[in-house]
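The structure under discussion appears below in the form of structure tokens.
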């Protein structure tokens, strides 16, 4: 299933003004070796994507060409429309890879 | 559904209902992430694919990805791509005999709300107080 076909909208919180949110979510437009999205203030940002119908997510692939900017922690939440940075602070079972 | 979680929708006036949205119930506490992934900077720089726990990531309508650099410095990515496939074995709506309305905030009732579910209230959460004003 092509990811582009099933995503209806994307948005983000705390990204720099020139960020490309679709590229940051792997929906095309990313330039190899270039940073598509960077936090505007602080050390975190949040990306959101809405799907046209219910889907199953199978994998997550991170590409961060600049090691200094690379994320060290990613948390995934599903079916949450009202979400802020406070909500992301909850502890969770960690999966180390 | 356990009896303690059942809620009725009560409207102040008669109103026309134009749509009914049935939202799948997520598998974990709504404030907790379903999966947290730790990466080394080198992993992320090289490009890293993580297999998600498929049983938890079914019936997804909205995905929220919180991204952090724990060193405290700015964080940036080229992409965080999510592999997607159609959810199989979805609910057969034609077999639903009864629909009950469950308020979205039922887990966060704070004691002054009618219909409070005391077994699940979390009255001291500051985020909750901000969201649920009286």
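Points to keep in mind about this one:
- Modelled FRET efficiency - R0 22 Å, residue B:86 with residue A:40, Cβ distances, 0.05 increments: 0.05
- Here the convex hull built on the C-alpha positions of chain A has a volume of 130 cubic angstrom per residue.
- Part-to-part distance (alpha-carbon centres) for segment A:31-84 and segment B:34-72, which is given in Å: 8
- Here the extension length gained between residue B:56 and residue B:73 equals 3.0 nm, from 0.36 nm per residue of separation less the Cα-Cα distance.
- Linear extension gain, residue A:9 paired with residue A:32, 0.36 nm per residue minus alpha-carbon span: 6.0 nm
Read the figures in this text as sums done on the coordinates, not as results from a lab. Being a predicted model, the structure only gives us computed values, none of them experimental. FYI the Cβ positions are ideal-geometry reconstructions off the backbone, even for glycines, and counts take in every protein chain you see.
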